[in-house]
Amino acid sequence: MKLLSKIQHPKLLSCLFVGLIGIGGIVNAPNFISSFSSSLKENKTDIQWAFSRVNAKYAENFVSKQGYIDLNGALANLIGQKVLNDVIKLSNGHLTMVVDKLDMEPYVENITDFKKYLDEKEIPLLYIQAPHKLPTDMDENLPKDIITYPNRNADELLLGLNQNNISTLDLREKMKEDKIDYNEAFYKTDHHWTFETGFWAHTKILEQINEILDVDVVNKEAIDINNYHLTTYEDAFIGSRGNRVGSSFTEPDDITTILPKFETNLILEIPSQNIKREGEFKDTLIFDKTTSDVEIDLNLDAQTHSYSYYLGGDNEYLKITNAQAPINKRIFLIKDSFNIPMTPFLAMHYKEVHTYDMRDGNGGSINKMLQKLEEVNPDMLLIMYFPGSLREETLTFLN
């Protein structure tokens, strides 16, 4: 909405917003009637339930919904509002959301029990803590009245795991050691780290895995960023946080892809989608308009699914086989979406990398994960989450 950039007076913008809301109400009146009728058909005897369903259906089919989101974001931006639709705008321009305080003790106990289960199978366990885009919960970029707990939750979890002699890798500490700038390590409009940070993370994870497995071999080509083609697409990505508040409240991110210059020979299998790909890195692990039916086109502005460029995004389970891997080991990774731009590069080193997503939205479950674990019988199991993923469904591994 380029018009918004020309409107500078708050009262004028407010009047415009109210006027457009009124017009939107009229335009969407048929949508409301249709939504209520549809909801009532689903449950003819419970009108209260039907009303409760109207809001979701109405919002889903709202005409010009994105335009109203952008207008609302422009108004919030103009008056200096720092919180919109549960999204917080930091003073450095990055967007984030509040993470509630959690009691991590039950999860420490469950992971400890899971380790005992793995010990019986002689499968070593490594818990990896991915970072939050806030380096501390009291970060100076936060509005003063905002309280959030991502790092404190992660600290409590790591403390409990270390006390129970469970191997951990805290990538937040590695970022400090390598003096990585948090402002550059994450997308402004999203909670995820950048593709470049995901690449960096794989080198640290590789070191820790090999130390535990007592392996001193790596694919030297694969850990050197100079052996990759890096291509930057400007304004190509607007992440989940930016999508909630509109492009007028924030600006799209540039996105840089990383593709090997060296020869690769891979197999990607995603059973839930009946996908089996064989060949070079780009032909197997990349999902864009040139390699698949997905709509990702990084040449277009503000794409919402650009983060799914690697591996097609989140899947319940996938397997990458590397015919040229120098390390004949099977790695099983329990993960969230932070692993999407990290896993392809980790797969450059190991014969097999299997990933499993415990989150309900991706079809995962404890029993299905344990069954897959039995089938794979890996040489090592990793658990890796960013602090916003710490909750019961992701940290419960045994019934």
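The values are calculated or read from the model by the stated rules, or taken from the named source; none is laboratory data. Just so we're clear, the structure is a prediction, and the values are computed from it rather than from any experiment. Cβ sites come from the backbone with ideal geometry, for glycine too, and all protein chains shown count toward neighbours.
Consider Q273 against the criteria (1) of a type in the set (S, T, N, Q); (2) within 18 Å of H349 (Cα to Cα); (3) surrounded by fewer than 15 Cβ atoms within 10 Å (Cβ to Cβ); (4) under 21 Å from the mean Cα position of the chain (by Cα): it satisfies all of them except one. Which criterion is unmet?
Checking Q273 against (1) of a type in the set (S, T, N, Q); (2) within 18 Å of H349 (Cα to Cα); (3) surrounded by fewer than 15 Cβ atoms within 10 Å (Cβ to Cβ); (4) under 21 Å from the mean Cα position of the chain (by Cα), the one that fails is (2).
Among what's in the stretch 371-391 and is touching a residue at least 12 places away in the same chain (Cβ under 8 Å) and part of a helix (DSSP H, G or I), pick the residue that is surrounded by the most Cβ atoms within 10 Å (Cβ to Cβ).
Initially, the stretch 371-391 is screened for residues touching a residue at least 12 places away in the same chain (Cβ under 8 Å), giving 372-373, 376-391.
This time we only want the ones that are part of a helix (DSSP H, G or I), so: 372-373, 376, 387-389.
Details: K372: 18, L373: 20, V376: 18, P387: 25, G388: 21, S389: 21.
The selected residue is P387.
Of the conditions (1) more than 15 Å from the chain's Cα centre (by Cα); (2) modelled with pLDDT under 95; (3) small (G, A, S), G361 satisfies every one except a single condition; which number is it?
(1)
From the residues in the stretch 311-331 that are touching a residue at least 24 places away in the same chain (Cβ under 8 Å), touching a strand residue (DSSP E or B) at 6+ places or on another chain (Cβ under 7 Å) and among the polar types (S, T, N, Q), which one is surrounded by the most Cβ atoms within 10 Å (Cβ to Cβ)?
For the stretch 311-331, the residue satisfying everything is N322.
Please work out if A222 is at positive phi and either hydrophobic (A, V, I, L, M, F, W, C) or surrounded by 14 or more Cβ atoms within 10 Å (Cβ to Cβ) (or both). I'd like the intermediate steps shown before the answer.
On the way: at positive phi: no; either hydrophobic (A, V, I, L, M, F, W, C) or surrounded by 14 or more Cβ atoms within 10 Å (Cβ to Cβ) (or both): yes.
So A222 fails the test.
Give the residues of the stretch 180-213 that are among the charged types (D, E, K, R), out of contact with any strand residue (DSSP E or B) (no Cβ under 8 Å at 6 or more places or on another chain) and either assigned to a helix (DSSP H, G or I) or closer than 22 Å to H349 by Cβ (or both), sorted by residue number.
Residues of the stretch 180-213 among the charged types (D, E, K, R): 181, 184, 188, 190, 196, 204, 207, 211.
Filter once more, keeping what is out of contact with any strand residue (DSSP E or B) (no Cβ under 8 Å at 6 or more places or on another chain): 181, 184, 207, 211.
Hits for the stretch 180-213 are E184, E207, E211.
Just name the residue that is nearest to P124 (Cα to Cα) out of those in the stretch 156-173 that are in a helix (DSSP H, G or I) and in contact with a helix residue (DSSP H, G or I) (Cβ under 9 Å, 6 or more places away or on another chain).
Ranking the candidates gives L161 first.
Output the residue which, of all residues in the stretch 81-104 that are assigned to a strand (DSSP E or B) and at pLDDT below 90, is nearest to L157 (Cα to Cα). Outline the logic, then answer.
Step one: list which residues in the stretch 81-104 are assigned to a strand (DSSP E or B), which gives 83-84, 87-89, 95-96.
Still in the running and at pLDDT below 90: 83-84.
Details: V83: 29, L84: 30 Å.
Out of the qualifying residues, it is V83.
Condition first: in contact (Cβ under 8 Å) with a residue 40 or more places away in the chain and over 20 Å from I340 (Cα atoms). Can you find one or more residues in the stretch 273-296 that meet it? Full working, then the answer.
Initial filter on the stretch 273-296 (in contact (Cβ under 8 Å) with a residue 40 or more places away in the chain): 273, 281, 285.
With over 20 Å from I340 (Cα atoms) added as a condition, the list becomes none.
No, the stretch 273-296 contains no residue that is in contact (Cβ under 8 Å) with a residue 40 or more places away in the chain and over 20 Å from I340 (Cα atoms).
Out of all the residues in the stretch 105-117, is one or more surrounded by fewer than 17 Cβ atoms within 10 Å (Cβ to Cβ), in a loop (DSSP other than H, G, I, E, B), out of contact with any strand residue (DSSP E or B) (no Cβ under 9 Å at 6 or more places or on another chain) and not acidic (D, E)?
Looking for residues that are surrounded by fewer than 17 Cβ atoms within 10 Å (Cβ to Cβ), in a loop (DSSP other than H, G, I, E, B), out of contact with any strand residue (DSSP E or B) (no Cβ under 9 Å at 6 or more places or on another chain) and not acidic (D, E), one finds none in the stretch 105-117, hence no.
I'm trying to understand the selection: among the residues of the stretch 251-272, which are out of contact with any Ser or Thr (no Cβ under 6 Å at 6 or more places or on another chain) and among the hydrophobic types (A, V, I, L, M, F, W, C)? It would help to see each step written out before you state the result.
Restricting attention to the stretch 251-272, the residues satisfying the condition of being out of contact with any Ser or Thr (no Cβ under 6 Å at 6 or more places or on another chain) are 251-252, 258-265, 269-272.
Hits for the stretch 251-272 are I258, L259, F262, I270.
In the list E234, E196, E211, which residue meets the criterion of being under 29 Å from F262 (Cα atoms) and in contact (Cβ under 8 Å) with a residue 40 or more places away in the chain? Break it down stepwise before answering.
Numbers: E234 fails: in contact (Cβ under 8 Å) with a residue 40 or more places away in the chain; E211 fails: in contact (Cβ under 8 Å) with a residue 40 or more places away in the chain.
Result of the check over E234, E196, E211: E196.
Of the residues N315, N299, N339, only one is of a type outside the set (A, V, I, L, M), assigned by TED's automatic domain parsing to the domain that holds L390 and at pLDDT 95 or above; which?
Values: N315 fails: at pLDDT 95 or above; N299 fails: at pLDDT 95 or above.
Result: N339 is the single residue among N315, N299, N339 that is of a type outside the set (A, V, I, L, M), assigned by TED's automatic domain parsing to the domain that holds L390 and at pLDDT 95 or above.
Provide a single number: the residues in the stretch 153-179 that are out of contact with any strand residue (DSSP E or B) (no Cβ under 7 Å at 6 or more places or on another chain), among the hydrophobic types (A, V, I, L, M, F, W, C) and surrounded by 18 or more Cβ atoms within 10 Å (Cβ to Cβ). Walk me through how you get there before you give the answer.
Filtering the stretch 153-179 for residues out of contact with any strand residue (DSSP E or B) (no Cβ under 7 Å at 6 or more places or on another chain) gives 153, 155-157, 159-160, 163-165, 173-179.
Adding the requirement that they be among the hydrophobic types (A, V, I, L, M, F, W, C) leaves 157, 159, 175.
Applying the additional criterion that residues be surrounded by 18 or more Cβ atoms within 10 Å (Cβ to Cβ) yields 157, 175.
Looking only at that region, the number is 2.
Check S365, S306 and return the single one that is buried (at least 23 other Cβ atoms within 10 Å of the Cβ) and farther than 27 Å from D170 by Cβ. Explain how you work it out, then say what you get.
Values: S365 fails: buried (at least 23 other Cβ atoms within 10 Å of the Cβ).
Criteria check complete, one pass: S306.
Identify, please: which residue in the stretch 225-259 is of a type in the set (A, V, I, L, M) and assigned to a strand (DSSP E or B) and is, among those, modelled with the lowest pLDDT? Please lay out each step first, then the result.
To start, the set of residues in the stretch 225-259 that are of a type in the set (A, V, I, L, M) comprises 225, 230, 236, 238, 245, 255, 258-259.
Among the residues that remain, those that are also assigned to a strand (DSSP E or B) are: 230, 236, 255, 258-259.
Details: L230: 98, A236: 94, I255: 97, I258: 98, L259: 98.
Checking each candidate, the answer is A236.
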